[in-house]
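Visitor: One structure, pasted below without further comment.
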Amino acid sequence: MNDILPEAAATWRYVEDIVREIVEAYGYAEIRLPLLEYTELFRRSIGEVTDIVEKEMYTFDDRNGESLTLRPEATAGMVRAGITNGLLHNQRRKLWTAGPMFRYEKPQKGRYRQFHQIDVEALGYEGPDVDAELILMTARMWRRLGLGRLTLEINSLGDAATRQRYRAELVRYFSAVKNRLDEDSMRRLAQNPLRILDSKNPDMRDIVSAAPVMLDYLDEASARHFTALKSLLEAAGIEYRVNTRLVRGLDYYNRTVFEWVTDALGSQGAVCSGGRYDGLVGTLGGRPTPAIGWAMGVERLVALFAACGGEAPQAAPDVYIVTVGDVAAAAGFRLVEGLRDALPAVRFEQNFGGGSFKAQLKRADRSGAAVALILGESEVAAGEVALKPLRREADQTRIAQADSAGQLAQELALPR
C-alpha cells in the first residue's frame, strides 16, 4: 500500500476528472459503496476456485463472528446494492463508482495491495448495443487523454450451457496431458478448468495454446450477439482483436468479455477490463437481470498517461497577496476574503510568515501566480491595492479596492 503524494495526486485528479466527465456524459450516475462486505458475497459472485477468493482477499471475523472482507472488486457490491435498495425492480440502471480495492498480491510496479478502480456498470440491458457503448466510452477516454499503444481484445464465453460443454471438452483435453500440468492447474482441472487458460506458467504455454477454443462451442444466441458486437465496433471505427484465450479471472462472466491492453507498462498490460454477467443478479438473490460493466485500474491509467507523455496542469495560485506591515496584513485578510466571495473560481495565496517586500515578491513569482496584489500602509490608508502582473511585461498599477474584483477578472481573462 502506498502514499500518493501531492505532485502525483494532481495528475490522478486530472485523469480521474476526465474519466468521470465522460462517464457521466454517457448517462451513468454515481453510486458510493462500502469498503467492507460480507465475505459470502464475493464467494458466491467471484467464485470459490479463483485466485482472488482463495489467496488474495483480506478477510476477518468481526466482534459478532461475522466474516467480512475488504472489497477486492466493485461489481459484486454494485449488484448487492442494486438488489438491497430496490434499484433494479422493473428498472434499468447505468451506474459508476470509484475508490480503493484490496487484494493480497505480490507488490510490483503498477500493482499494489491497495489499488484504485473506476467501475462502470449497465444493469438491465441485454443487447450488444450497450456492450459497444461501454467500449466506445473507453475509446473516447483514450483520445481525450492522448493515450496510445492500446489494443482492444474481445471474446465471447457463451451462455451457461456453452460453458458446461466447453468445460467438459477442456477437462478431456487437459486430462490427456496431466503429466505436464503444474500444481495450480491440476487443482483447477477438477474445479474450474477455464482458469487453466489464464496460466502464466511459460512451461505450459504450448499446452494452453493448443487447447480447444470457446468460440467453437458457442450457442446460436451468443454467436449472434458476438457477431452483432463486432459489426457495431467496425461501424464505429474501433479496431479490435479476437483473443480466444481471454476468459477473465472471475466466474460470473458470460458472453462478451473484453480488455484494453498495452505494451507500455511491462507485464502489467491490462488497463481496462470488463464483460457481461447476465446471471450474477439472480445468483445473488435478485430477479434475473442482464448486465455488463468494466473496471479500470487508476494506477495503470496514470502510469500509461505518463508513458505517453501526458502532463497534467500543475495547480498554482492565480493571485498572490503581498502585505507589508501588520496593518496591511490584517487588511489583506479582509480584502482576499471579499475577493474569494466575488471570484469563487480564482485561487488566491496569501503570504504568511512576514518577510521583506522583495522576499515576498520572489515568493509570489515562484508560486506561479499570474498576478500579485500588494498592500502596504499607504495603500490601506488610501483604500487602494497595487496590481502587478507577473507573467507579462506590464507596469504595476494602483487601483481602488472596491474595483479590485473587476480588475482581476479582466487581468485573468475570466468569462463574464
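Visitor: Enumerate the amide H contacts of Leu157 below 5 Å, restricted to partners 5 or more residues apart or on another chain; note that Pro and chain-start residues carry no placed amide H.
Guide: Result for Leu157 returns Arg255, Thr256, Val257.
Visitor: For Ser267, project a label point 7 Å along Cα to C-beta. Then give me every residue of the range 110-136 with its amide nitrogen under 19 Å of that point.
Guide: 110-115
Visitor: Also: Quick one: grab the alpha carbon gyration tensor of the range 319-411, order the square roots of its eigenvalues as a ≥ b ≥ c, and give me rounded if a/c is under 1.5, else prolate or oblate depending on whether a/b is larger than b/c.
Guide: rounded
Visitor: Relative to the present Cα-Cα distance, how much length would full extension add between Thr151 and Ser67 at 0.36 nm per residue of separation?
Guide: So the chain would gain 26.3 nm between Thr151 and Ser67.
Visitor: Follow-up. Filter Lys55/Lys94; Lys358/Lys388; Lys55/Lys178 down to the pairs with a C-alpha to C-alpha distance above 22 Å, please.
Guide: Lys55/Lys94; Lys55/Lys178
Visitor: A follow-up question, please. Over what distance in Å are the Cα centres of the range 73-145 and the range 1-70 separated?
Guide: Using only Cα atoms to place each centre, the spacing works out to 10 Å.
Visitor: Classify the range 309-354 as rounded, prolate or oblate, taking a ≥ b ≥ c as the square roots of the eigenvalues of its Cα gyration tensor: rounded when a/c is under 1.5, otherwise prolate if a/b is larger than b/c and oblate if not.
Guide: oblate
Visitor: Report the full-extension gain for the segment Thr283 to Leu390: residue separation times 0.36 nm, less the Cα-Cα distance, to one decimal in nm.
Guide: Working it through step by step, the gained length comes to 32.3 nm.
Visitor: Separate question: At 7 Å along the Cα-to-beta-carbon direction for both Gln350 and Glu30, put a label point, then send me their distance in nm to one decimal.
Guide: Each label point is offset 7 Å from its Cα along the Cβ direction, giving 3.0 nm.
Visitor: Work from the charge dipole of the range 319-411 (Cβ charges, +1 for Lys and Arg, -1 for Asp and Glu, about the Cα centre) and give the residue of Phe348, Ile399, Gly368 farthest towards its positive end.
Guide: Gly368
Visitor: Then there's this: What distance in nm lies between label points placed 7 Å from Cα along the C-beta direction at Gln314 and Asp216?
Guide: Taking the simple label geometry, Gln314 and Asp216 are separated by 5.8 nm.
Visitor: Between rounded, prolate and oblate, where does the range 2-46 land on the alpha carbon gyration tensor, with a ≥ b ≥ c its root eigenvalues, rounded for a/c under 1.5, else prolate if a/b exceeds b/c?
Guide: It comes out oblate by the Cα gyration axes.
Visitor: A follow-up question, please. Where does each of Thr397, Thr244 land when they are ranked from fewest to most other beta-carbon atoms within 10 angstrom?
Guide: Exposure proxy ranking, most exposed first: Thr397, Thr244.
Visitor: Among Pro202, Ala306, Ser175, which residue has its Cα positioned farthest towards the positive end of the charge dipole of the chain, with +1 placed on the Cβ of Lys and Arg, -1 on the Cβ of Asp and Glu, and the dipole taken about the Cα centre?
Guide: Positive-end residue among those listed: Ser175.
Visitor: Out of all DSSP beta bridges with both ends in the range 309-416, state the antiparallel percent to the nearest 5.
Guide: 50 percent
Visitor: Placing +1 at every Lys and Arg Cβ and -1 at every Asp and Glu Cβ, with all other atoms neutral, what dipole size does the chain have around its Cα centre, in debye to the nearest 20?
Guide: Computed charge dipole of the chain: roughly 680 debye.
Visitor: What does the helix-only formula give at 222 nm for the chain: each DSSP H stretch with n ≥ 4 adding -39500 (n - 2.57), the total divided by the residues, and the result rounded to the nearest 500 deg cm²/dmol?
Guide: After summing the helix terms and dividing by the residues of the chain, the value is -11500 deg cm²/dmol.
Visitor: Go through 156-165, 205-214 and give me the packing order, highest mean Cβ count within 10 Å leading.
Guide: Highest mean packing first, the order is 156-165, 205-214.
Visitor: While we're on this one: Taking the DSSP beta bridges in the chain as the whole, what percent of them are antiparallel, to the nearest 5?
Guide: 80 percent
Visitor: For the residue pair Lys358 and Glu54, what label-to-label distance in nm results when each label sits 7 Å from Cα along the Cα-to-beta-carbon direction?
Guide: 7.2 nm
Visitor: To test your reading of the geometry: what angle, between 0 and 90 degrees and rounded to tens, separates the Cα axis of helix 357-367 from the longest principal axis of the chain?
Guide: The two axes meet at around 20 degrees.
Visitor: Continuing with the same structure: Could you give P(r) for the range 53-142, binned at 5 Å from zero, as whole percent values over all Cα-Cα pairs?
Guide: Final binned percentages: 3, 11, 16, 18, 19, 15, 12, 5, 2, 0.
Visitor: Projecting each Cα onto the charge dipole of the chain (Lys/Arg +1, Asp/Glu -1 at the beta carbon, about the Cα centre), which of Tyr26, Asn254, Gly124 comes out farthest on the positive side?
Guide: Of the options given, the answer is Asn254.
Visitor: I would also like to ask the following. Given R₀ = 41 Å, FRET efficiency for Asp17-Gln108 by Cβ-Cβ distance, to 0.05?
Guide: It comes to 0.90.
Visitor: Follow-up question, since we're still on this one. Rounded to the nearest 0.05, what FRET efficiency do Leu5 and Asp129 have when you use their Cβ-Cβ distance and R0 = 41 Å?
Guide: Efficiency at R0 = 41 Å is approximately 0.45.
Visitor: Per 0.36 nm of contour for each residue apart, how much would the distance between Arg172 and Asn90 grow if the chain were fully extended, relative to their Cα-Cα spacing?
Guide: 25.3 nm
Visitor: Something else about it: Would you pull out the residues with amide H under 5 Å of Ala372's amide H, same chain only if 5 or more places away, H placed 1.01 Å from N?
Guide: Under 5 Å from the amide H of Ala372: Tyr320, Lys388, Leu390.
A short reminder: the numbers here are calculations on the coordinates, not readings from a lab. Model, not experiment: these values are computed from the prediction. Quick reminder, even Gly has a Cβ in these numbers, built from the backbone with ideal geometry, and neighbours come from all protein chains shown.
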